[in-house]
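Just so you know, all these numbers are worked out from the coordinates, no wet-lab data involved. From a predicted model like this one, the values you see are computed outputs, not experimental measurements. Here Cβ is always computed from backbone atoms with ideal geometry, including for glycine, and neighbour counts include all displayed protein chains.
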Amino acid sequence: MKLSVIIPVYNSEHTLGTLVERLQQTLALIPFEIVLVNDGSRDRSEAVGFQLAQKYPNVRFLSLRRNYGEFNAVMCGLNWAYGQYCVIIDDDFQNPPEEILKLVETAETGRYDVVYSHYAKKEHATYRNLGSKAVNWLTSYLLQKPKDLYLSSFKLIRQEVVQEVIKYQGPYPYIDGLLLRITRHIGTVQVAHQKREEGTSNYTWRKLISLFLNILFCYSSLPIRLFMPVGLGLFGLGSLLLLFLFFQWVIGPDPKGWQVVTATLIFIGGIQCTLLSVLGEYIGKSFMAQSGQPQYVIKYNSSDKPL
């Protein structure tokens, strides 16, 4: 199997059939499969998915018992995808199916494990573009993502990397975060981006905030480590203030009571934050050990090559 196209499905009964037909036409010369994952849709998407699986031999349809979220649906699809390359595409036609060929062509150069799409102009709503910028900034600092890399939902992943991604068994998968843990062989290709053909985006402010918090607390121990510089800063400031007040008490005039209390509280607060940062390091190490982050991922092993 050359290619697997994974489509997370949510309330897309009117576009799903057309999307699958376009994929059948566009990828007719490539051995491929389509993996549809219904993420608890409230419309007739489940019935449409069953019909498409019966109509096309290369369509696999999976339906989840409730709405788990886009990343969870994608993880489900990756577990059932067997192509050499796995492409993830949304069900709203904002990414034309024909652009998949650009991703495959870029991947076949052999230089990349992952190929992301990027757009000359994004046709998302303003609030979603702002949310994307916030997530982009956060991942750049927490996950060491290259600042010029746009983490698009429309991307291609090699099967070898997919096998590493699906090792994650936690309830809060963030596909891009997992990919950045595994590889830095990442390419990009510019593709067209169209306005949504029907309905409204499923990305609400609530989901964007949830994604932001998921990245912040599930894929990095940086928030815990912030206690260390804060604690050391308060400890140093409190020490200097107490030292200054001591000399003032020696040479006069006597410091005021509120000054001593303030300096003491800053000093004690610094000690507490520093101790919390030490405790946080133990918690952070334990958290990262349980988060599914691999020790290493081998790209090539010469022993696999026949002698």
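As a rough footprinting exposure proxy, the listed residues M75, M1 were ranked by other beta carbons within 10 Å of their own, and the order from fewest upward is M1, M75. Distance between the modelled labels on I30 and R42, one decimal in nanometres: 3.5 nm (7 Å Cα→Cβ projection). Once the other residues with Cβ under 12 Å from the Cβ of S4 are scored (Lys, Arg +1; Asp, Glu -1), what is the net sum? Net charge in that neighbourhood comes out at +2.
The stretch between I268 and L226, if pulled fully straight at 0.36 nm per residue, gains 13.4 nm over its current Cα-Cα span.
I need the calculated FRET efficiency for the pair L240 and H185, taking r as the beta carbon distance and R₀ as 51 Å, to the nearest 0.05. Given R0 = 51 Å and the Cβ-Cβ separation, E is 0.55.
Just check the range 222-290 against the gyration tensor rule for me: Cα atoms, a ≥ b ≥ c as the square roots of the eigenvalues, rounded for a/c under 1.5, and otherwise prolate or oblate depending on whether a/b exceeds b/c. Judged from the Cα gyration tensor, the range 222-290 comes out prolate (a/c at least 1.5, a/b above b/c).
By how many nm would the segment from R66 to F50 lengthen if fully extended, with 0.36 nm per residue of separation less the alpha-carbon distance? Can you show the working numbers first?
Values: separation 16, 0.36 × 16 = 5.76 nm, distance 1.67 nm.
Length difference between fully extended and current span is 4.1 nm.
Which of the peptides 87-94, 37-44, 185-192 is most tightly packed, and how do the rest follow, judged by the mean count of other Cβ atoms within 10 Å per residue? Show your work: numbers first, answer last.
Details: 87-94: 22.9, 37-44: 19.1, 185-192: 16.5.
Going by the mean number of other Cβ atoms within 10 Å, highest first, we get 87-94, 37-44, 185-192.
Assuming R0 = 30 Å, can you tell me the calculated FRET efficiency for the pair A120 and E160, based on Cβ-Cβ distance, to the nearest 0.05? For R0 = 30 Å, the calculated efficiency reads 0.45.
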